[in-house]
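First the structure, then my questions, so here it is.
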Amino acid sequence: MRECGMLLPVASLPSKYGIGAFSKEAYGFIDTLKKAGQHYWQILPLGPTSYGDSPYQSFSAFAGNPYFINLDRLVEEGLLTEAECTAADFGDNPRKIDFGKLYLNRFPLLRRAYGRWKEKGHTAAEAKGRLWPETVEYCFYMAVKNRYEGRTWTLWDKDIRLRKQEAMEALQHELADETGFYAFLQMKFEEQWSALKSYANEKGIRIIGDIPIYVALDSADTWYHPELFQLDEDRNPVAVAGCPPDGFSATGQLWGNPLYLWEYHGETGYEWWMRRMEYSFRMYDVVRVDHFRGFDEYYSIPAGSQTAVHGTWRKGPGMDIFRKMQEKFGKLNIIAEDLGFLTPSVLELVKDTGFPGMKVLEFAFDSREESDYLPHNYTSNCVVYTGTHDNNTIRGWYGEMSEEDRQLSVDYMNNPHTPVEEIHWDFVRLALSSVAKLAVIPVQDYLGLGGDARINTPSTLGENWRWRMMPGEITDEIVVKCRKMAKLYGRG
């Protein structure tokens, strides 16, 4: 069955309070997807973000971002007033998220809501009792982190950093209410996300979630489970993750995430990964696994390196981990993010799993060489994108192409007379008409927006993850055109 969907981060939805949330605008977007003949809504990771605001660096693999909690729902529950919400300063540019103001003004509101929730007779233990054990670990981690003024756990006092029993018990008692606050947030996050996902599923819309292969060093996962990672006896990383120098970066990318101790994971039957995937399949209908190549081989950079130049490739768990997943879950609804330089062994792993890989049209038009990303090279078992959250928009990218590459795209699509302001539709058409069983188009490419609407530029800080859609920007005319094209190419 041929299908299609749209890519839009939850954070990019319009809303009154500075960032997209599980609000009426999210429900409205699901209605729009249905009217536009779509079957999927692809989002970015939903975890609580850390420094740099990247959804790919989260404080936990088992927790949700409190920014996405719908404040209007808390008003309906009598936990906040509308006046309190509208008085908060979340920034004055509806097109861009102001993470600084969001951090300073969202949490005082949420603390007020927690206080009123307790006044209604509820307790911290009640909130914790409704969460996964790993989510409760996150709640305690954040309470301790706040006690240490936001510093990562590697800078905490040694007995707490090493989680000595006596020190932990004393802290758990001292920070019971602060832990309860974070448990309250996770409870509300899960309530609201579950309701939104159920609404989407009832409308025939499935959610494609996104999980990073790695967790952050500054996370509950690493603090609570150091045995899972390549850490020394003081719990400092021995080596960290990244990727080698390539055409995008002469020194490679130094991500800094701790690397897995895959031998230990294998000895436990990949127990932690089974829990992570169970959580993910509860959250999403389909899981896109970021940096899938890392399961075949991972790039190991010595800790303390300033760049990724001196890293080496090491062997990952390969097919073994996916056999275990298949034994536990049966058929796995996974999309393998298999972009970048792919070795024969990576290609073999993707083939052996049977997971669809990704094809990105912005990688297809290189006039110097033949490309696997040109649609005539696809098999049906793939997911095609015009671009991803890491790419420029089609309009932005087209404006930056070399003359030779642009001419190749014109020749390939036979569209010499398409005006630049309409060029995005030609690439959307190319994706939808391909043999790929699923086509996912970023909303910005349906809207024909330029480079200002880009979500992320890898290896940069400051302007990423901030773009937001404006209310009413997906017009009825665009919805009709989307539906017509979906039907025309057998995806509606």
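With every protein chain left in place, what is the accessible area per residue of segment 344-386 in square angstrom, probe 1.4 Å?
46
Let me ask you something else. Straight-line reach only, C-alpha to C-alpha below 18 angstrom: list the aspartates and glutamates that Lys128 could link to, leaving out same-chain residues fewer than 8 apart.
Those aspartates and glutamates meeting the cut-off are Glu119, Glu137, Glu169, Glu174, Asp177, Glu178, Glu190, Glu191, Asp221.
Which angle between 0 and 90 degrees, to the nearest 10, do you get for helix 133-147 versus the longest principal axis of the chain when only C-alpha atoms count?
Roughly 70 degrees between the two axes.
Next question, about the same structure. Calculate the spin-label point distance for Asn333 paired with Lys158, positioning each point 7 Å from the Cα along the beta-carbon direction, and give it in nanometres.
5.0
Another question, then. For Met470 and His310 in the same chain, what is the full-extension length gain: residue separation times 0.36 nm, less their Cα-Cα distance, in nm?
53.2 nm
Pull up the DSSP beta bridges for the chain and report the antiparallel fraction as a percent, rounded to 5.
35
Over the Cα atoms, compute the radius of gyration (one decimal) and Dmax (the largest Cα-Cα distance, rounded to a whole number) for segment 1-93, in Å.
15.0, 49
By how many degrees, between 0 and 90 and to the nearest 10, does the Cα long axis of helix 476-488 differ from the longest principal axis of the chain?
Helix 476-488 and the main axis of the chain meet at about 70 degrees.
Tell me, what is the FRET efficiency for Ser367 and Gln172 to the nearest 0.05, using R0 = 51 angstrom and their Cβ-Cβ distance as r?
Computed FRET efficiency for Ser367 and Gln172 comes out at 0.25.
Another question, then. Starting from the Kirkwood Rh over alpha-carbon pairs, what translational D in µm² s⁻¹ does the chain have by Stokes-Einstein at 4 °C and 1.567 mPa s?
Roughly 54 µm²/s, to the nearest whole number.
Using the basic label-point model (7 angstrom from Cα toward the beta carbon), what is the Tyr489 to Val410 distance in nanometres?
2.2
List the residues, sorted by chain then number, that are 5 or more residues from Val383 or on another chain and whose placed amide H is less than 5 Å from its amide H.
HN-HN under 5 Å from Val383: Gly357, Met358, Lys359.
Treating each Cα of segment 97-194 as an identical point scatterer and ignoring solvent, apply the Debye formula and state log10 I(q)/I(0) at q = 0.14, 0.19, 0.23 Å⁻¹.
Result of the Debye calculation: -0.58, -1.01, -1.28.
Have a look at segment 215-279 and give its Rg and Dmax from the Cα atoms, expressed in angstrom.
13.6, 38
I would also like to ask the following. How large is the accessible surface of Asp31 in square angstrom, using a 1.4 angstrom probe and rounding to the nearest 10?
Its heavy atoms expose roughly 50 Å² to the probe.
Another question, if that's okay. Suppose R0 equals 30 Å; then what is the FRET efficiency for Glu119 and Asp31 from their Cβ-Cβ distance, rounded to the nearest 0.05?
Between Glu119 and Asp31 the formula returns 0.25.
Further, regarding this structure: Cross-link partners among lysines for Lys158, C-alpha distance below 26 Å, same-chain residues fewer than 8 apart left out?
Lys145
Mean shadow of segment 405-492, computed from the convex hull of its alpha carbons, in nm²?
The orientation-averaged projected area of the Cα hull of segment 405-492 comes to 7.4 nm².
Across every pair of different alpha-carbon atoms, what Kirkwood hydrodynamic radius in Å does segment 443-492 reach?
After inverting the mean inverse Cα-Cα distance, the result is 12.8 Å.
Test of understanding: extend the Cα→C-beta vector of Ser459 to 7 Å, then name every residue of segment 32-61 with backbone N under 15 Å from that spot.
The answer is none, because no backbone nitrogen lies closer than 15 Å to the label point.
I've got another one for you. Restricting to Cα atoms and excluding each atom paired with itself, what does the Kirkwood estimate give for segment 212-341 in Å?
15.5
Right, another one. At R0 = 25 Å, how high is the FRET efficiency between Ser345 and Val435 if r is their beta carbon distance? Nearest 0.05 is fine.
For Ser345 and Val435, the calculated efficiency is 0.45.
Then there is this: May I ask you to list the residues of segment 77-91 whose amide nitrogen lies under 16 Å from a point 7 Å from Cα along the Cα→beta-carbon direction of Ala195?
Hits in segment 77-91 for Ala195 at 16 Å: 77-82.
Let me ask something else. For the cross-link pairs Lys96/Lys120; Lys331/Lys481; Lys359/Lys487; Lys120/Lys197, which exceed 25 Å when the distance is taken from alpha carbon to alpha carbon?
Lys96/Lys120; Lys331/Lys481; Lys120/Lys197
Kindly write out, for segment 402-419 in residue order, the coupling ³J(HN,Hα) from the Karplus curve 6.51 cos²θ - 1.76 cosθ + 1.60 (θ = phi - 60°), rounded to whole Hz, with x marking Gly and Pro.
Residue by residue, segment 402-419 yields 5, 4, 5, 5, 5, 5, 4, 5, 4, 5, 5, 9, 6, 10, x, 10, 6, x Hz.
Shifting gears a bit: Percent of accessible area on segment 228-341 owned by carbon and sulfur, 1.4 Å probe?
The value for segment 228-341 is 49 percent carbon and sulfur by accessible area.
The values are calculated or read from the model by the stated rules, or taken from the named source; none is laboratory data. In this text, all values refer to a predicted model and were calculated from it rather than measured experimentally. Here the Cβ is made from the backbone with ideal geometry for all residues, glycine too, and neighbour counts use every protein chain on show. Note: areas computed on protein heavy atoms with side chains; ligands, DNA, RNA excluded. Shrake-Rupley method; radii C 1.70, N 1.55, O 1.52, S 1.80 Å.
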